Amino acid sequence: MDDFKALSDAVIKGDIKTALAETQKAMDAGSSVRDILNKGLIAAMDEMGERFSKGLIYVPQMLRSAKTMQECTKLLEPFFQEGDVISKGKVLIGTVKGDLHDIGKNLVSMMMGGAGFTIIDLGVDVPSAKFVQKAQEVEPDIVAMSALLSTTMPAMLETIKALQKAGLRDKVKVMIGGAPVTERYAQKIKADSYASDAGSAVSKAKKLLGVS
Ligand code: B1M
């Protein structure tokens, strides 16, 4: 099955029932999780973003689509599993302060969890002090930050500075990502790694920690 239009349309409409049925149909037809995500679910969210930019839709419609996508993603979650039982490392993850977008961050969490990392998810709108406090408590290998707004990207630098101030910067690797974030920005704020999508977040995390 390589036509994901019915799935995308259902996500755009915020029709959870049809979207779930279409996701299941695609899975039954042997479509890859990657295709269902990229060609069906993420494509729909990109279309919502474009419509929002043009003033054709408003926040409530985006919310309905987001909820629909989240429900479909839950259906895919078991397929993210790589079958590992030993933890590859501890990842403390959150969407930075001022930012409420969590679909991408949740995908990253699910895929990393499925790949054998232990995930501590702080949710959205996470202040730098909260990252620091939790890092002191759980001693993660990686602090992972997501931002979807260009206005919230500076909170990533704030968090890196806060980790530094708390004497933790040398003890953790910092990974950042999210639609407006770039490799160049990661270098600028001296993050250890940048990943453009959830799949590469997994491979980059493995590389950072030297695990396979
Ligand atoms: Co908002 N929003 N939104 N939104 N929203 C965007 C991001 C926007 C691009 C839409 C647009 O204008 N075209 C725009 C940002 C512009 C900018 O700053 N560059 C925008 C805006 C402006 C806003 C508000 C300000 C709107 C308003 O209120 N006037 C507001 C801000 C609220 C806030 O955060 N304080 C707002 C609100 C919302 C909703 C709450 C309604 C909803 C979010 C619901 C939710 O997340 N639970 C929402 C949505 C749904 C979107 C769009 C349509 C979709 C985002 C999404 O989930 N994409 C989005 C447009 C778009 O992205 N095309 C838009 C799918 C998701 C899988 O992709 O999150 O990019 P993404 O994750 C990817 C990668 O980026 C990467 O992996 C994922 C894929 O595998 N990744 C990482 C993400 N985090 C990573 C971390 C990593 C590594 C990789 O390592 C740690």
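General observations
- Ranking N38, C72, G14 by how far each Cα lies toward the positive end of the dipole of the stretch 1-153 (charges on Cβ) leaves G14 at the top.
- Top of L75, L157, L107 by mean-square fluctuation, Gaussian network on the chain, Cα under 10 Å: L75
- Among M153, M145, M27: highest mean-square fluctuation, GNM of the chain, C-alpha pairs under 10 Å: M27
- Rounded if a/c under 1.5, otherwise prolate or oblate - the stretch 101-212, Cα gyration tensor axes: rounded
- Note on the chain: GNM, Cα springs under 10 Å; of G104, G167, G116, the largest mean-square fluctuation is that of G167.
- Cα gyration tensor category, rounded, prolate or oblate, for the stretch 42-138 with a/c compared to 1.5: oblate
- When the inverse distances between all different Cα atoms of the stretch 2-79 are averaged and flipped, the Kirkwood radius reads 12.1 angstrom.
- Sum of -39500 (n - 2.57) over DSSP H runs of 4+, divided by residues of the chain (222 nm, nearest 500): -15000 deg cm²/dmol
- Cβ-placed point charges (K, R +1; D, E -1), dipole of the chain about Cα centre in debye, nearest 20: 700
- In angstrom, the C-alpha Rg and Dmax of the chain are 17.4, 52.
- Net dipole in debye of the stretch 2-79 [+1 Lys, Arg Cβ; -1 Asp, Glu Cβ; about Cα centre; nearest 20]: 260
- Distance between modelled label sites at K54 and K17, nm, 7 Å Cα→Cβ extension: 2.9
- Each residue in Y194, Y58 was given a count of other beta-carbon atoms within 10 angstrom of its own, and listing them fewest first yields Y58, Y194.
Rule-based calculations on the coordinates, nothing more; no lab input. Computed from a prediction, not measured in an experiment: that's the story for all the values here. Every residue, glycine as well, gets a Cβ built from its backbone with ideal geometry; the counts of neighbours run over all protein chains shown.
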